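The structure appears below as C-alpha cells.
The values are calculated or read from the model by the stated rules, or taken from the named source; none is laboratory data. A quick note: this is a predicted structure, and the numbers were derived from the prediction, not measured. Here the Cβ positions follow ideal geometry from the backbone for every residue, glycine too, while neighbour counts run over all protein chains shown. SASA here: full protein model, heavy atoms, side chains in, ligands and nucleic acids out. Shrake-Rupley method; radii C 1.70, N 1.55, O 1.52, S 1.80 Å.
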Amino acid sequence: MSYARLVKPLLFRLDPEKSHDLALTSLAAAGQVWKRAGIAPPKADPRLAVEVCGMRFPNPVGLAGGFDKAARALWAWPYLGFGFVEIGTVTPRPQPGNPRPRLFRLPEDRALINRLGFNSPGADVVAARLAAVRRAGAYPIPIAVNLGKNAVTPLDAAADDYVGVLERLHAHADFVVANVSSPNTPGLRTLQTGGMVTPLLDALAARNRALGEKPLFIKVAPDLTREELEAIAAAIPGRAHGLVATNATVRRDGLRSPHGHEGGGLSGMPVRQLATDAIRVLHRATGGRVPIIGVGGIMTADDAYEKVKAGATLLEVYTGFVYGGPGTPRRVGEGVARLLERDGFRTLREAVGADNR
C-alpha cells in the first residue's frame, strides 16, 4: 500500500532507467542490512514448494532475467519472498547496450518497452559478485544466470559467446538460461530457428556436461508460430532441461500509451495471453516432461495461476514487480495458494498443466 501511494509515484516521476538504478541501489543496501541483522527470509506456504531438475524452490515466483542484470542486489530477493532469481542477461565482454533513452513506461497498458540491448558489465564482473555471495554463506534460493552474446559477435560465432559465459559463470549458478529471444540484439532471434538452435544447444550441452552438468533452460519468444515452438521443443531432449516462455514481444496490438510506437520488446499485460498460449503449446509438445518457467504479463495471482494450469511449473515477474512493488512476490504466491485450495489441489505440482488434461 505504501509503495502504491508513496514510493511508486516518486519513482515514476524519474526517468525509467534512472529509477530502476535507484531501486536496485536501495534494494542492494536493504538486502545487506537484512542479512547482517540475521533476519530470516519469509516462509512460503508449503503447498507452493516444488522440485525442478533436482533443485528445491520454496515457492514458484522468481525474479525474471533483465531486472538485476549484473547481480547487484542479490541479498534483497529472498527477503522479498522470491523463490528464485535469474541474473542477467550476461555477455562475455562488457558492453554498454543500445543508446538512451531505451526504457519506457506504458502505464495506460500496464506495460514496459525496453530496448536495452544486453547492457552488461561482462562475465568477469558478474562472476566475482556471485562468488562473493557464495562465500558469504548459503544463499537461500536458487540462482539462475541468463547467458547472451555480445552485439559485435557474428551469428555464426554466437555459440562461442554462449559457451564462454557458461564457462565463466557455471561454478556460481544453480542453473543457466540461454537467451536466444531478445528482440534488442540484431539477428539474435534467428538463433531460435531449427537450423541454428540445435547446433547452439549441442555446443552448450557438451560444455555443460564437461563442466559438471547443471540444468540448462532456453528462453523463447512469444511471437513464434506453433510450428516454431514445436520445433524448439523437439530440440530439447538430450541437449537442454527446460524452457522459459516467454521473452518480450515485438507486437503492438491495441496499445493506448503514447510510447506504444517505441521500438524494443514489450512486456507486461499485453504479452500475458501470448505467453500463456506459448506455454500451453510447449507443454503439450513435450508431453509435460520438460519443466517450463512461465513469464509474461504476470501482474496478479490469477495471471500466475493461469500459467500454472497452462503448463508452467515455475513463474517469473518483471513488469508486474515494477508496477506492484516489493510486495508482489508474496502477494502472488499467497494468491496462488488460495487458488490451489479453491480448486482442490494439494500442491502446486498437481495443478501444473491442469488445463491440458
(message) Filter the stretch 35-74 down to the residues that are in contact with a Ser or Thr (Cβ under 9 Å, 6 or more places away or on another chain), in contact (Cβ under 8 Å) with a residue 12 or more places away in the chain and not hydrophobic (A, V, I, L, M, F, W, C) and list them by number.
(response) R47, P60, G65, G66, K69, R72
(message) Is it the case, given these coordinates, that I113 is buried (at least 21 other Cβ atoms within 10 Å of the Cβ), in contact with a His (Cβ under 7 Å, 6 or more places away or on another chain) and among the aliphatic types (A, V, I, L, M)?
(response) yes
(message) Against the condition modelled with pLDDT of 95 or more, out of contact with any helix residue (DSSP H, G or I) (no Cβ under 6 Å at 6 or more places or on another chain) and either open to solvent by less than 30 Å² (accessible area, probe 1.4 Å) or not in a loop (DSSP other than H, G, I, E, B) (or both), how does G81 come out, does it pass?
(response) no
(request) Would you please name the residue that is surrounded by the fewest Cβ atoms within 10 Å (Cβ to Cβ), looking only at residues in the stretch 172-212 that are within 20 Å of the chain's Cα centre (by Cα) and farther than 26 Å from D223 by Cα? (result) D174
(request) Could you check T225 against (1) in contact with an Asp or Glu (Cβ under 6 Å, 6 or more places away or on another chain); (2) of a type in the set (S, T, N, Q); (3) open to solvent by 40 Å² or more (accessible area, probe 1.4 Å) and say which number it fails? (result) (1)
(message) Can you find, within the stretch 241-291, the residue that is most open to solvent (accessible area, probe 1.4 Å) among those that are more than 28 Å from N98 (Cβ to Cβ) and in a loop (DSSP other than H, G, I, E, B)?
(response) R289
(request) Quickly run through the stretch 340-357 and pick out the residues that are open to solvent by 20 Å² or more (accessible area, probe 1.4 Å) and farther than 22 Å from G54 by Cα. (result) E341, R342, D343, G344, F345, A354, D355, N356, R357
(request) Report the residue count in the stretch 155-180 for those that are under 27 Å from R226 (Cβ atoms) and touching a Ser or Thr at 6+ places or on another chain (Cβ under 7 Å). (result) 2
(request) Test each condition in (1) over 20 Å from I141 (Cα atoms); (2) touching a residue at least 24 places away in the same chain (Cβ under 8 Å); (3) of a type in the set (D, E, K, R) for R330 and report the one that comes out false. (result) (1)
(request) Report yes if some residue within the stretch 19-36 is open to solvent by less than 70 Å² (accessible area, probe 1.4 Å) and part of a loop (DSSP other than H, G, I, E, B); otherwise report no. (result) no
(message) Out of the residues in the stretch 120-154 meeting the condition of being modelled with pLDDT under 95 and of a type in the set (A, V, I, L, M, F, W, C), tell me which one is nearest to K43 (Cα to Cα).
(response) A138
(message) For the list (1) without any contact (Cβ under 8 Å) to a residue 60 or more places away in the chain; (2) surrounded by fewer than 22 Cβ atoms within 10 Å (Cβ to Cβ); (3) touching a helix residue (DSSP H, G or I) at 6+ places or on another chain (Cβ under 8 Å), I need the number of the one condition that R129 fails.
(response) (3)
(message) Between V152, V165, which is open to solvent by less than 30 Å² (accessible area, probe 1.4 Å) and either assigned to a loop (DSSP other than H, G, I, E, B) or β-branched (V, I, T) (or both)?
(response) V165
(message) Take A138 and tell me if it is in a loop (DSSP other than H, G, I, E, B), in contact (Cβ under 8 Å) with a residue 12 or more places away in the chain and open to solvent by 40 Å² or more (accessible area, probe 1.4 Å).
(response) no
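Taking into account only those residues within the stretch 92-132 that are assigned to a helix (DSSP H, G or I) and charged (D, E, K, R), which is farthest from the chain's Cα centre (by Cα)?
E108
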(message) Which condition from (1) of a type in the set (K, R); (2) over 23 Å from V176 (Cα atoms); (3) touching a residue at least 40 places away in the same chain (Cβ under 8 Å) is the one that R280 breaks?
(response) (2)
(request) Give the residues of the stretch 293-349 that are assigned to a helix (DSSP H, G or I) and among the aliphatic types (A, V, I, L, M), sorted by residue number. (result) A301, A304, V308, A310, V322, V332, V336, A337, L339, L340, L348
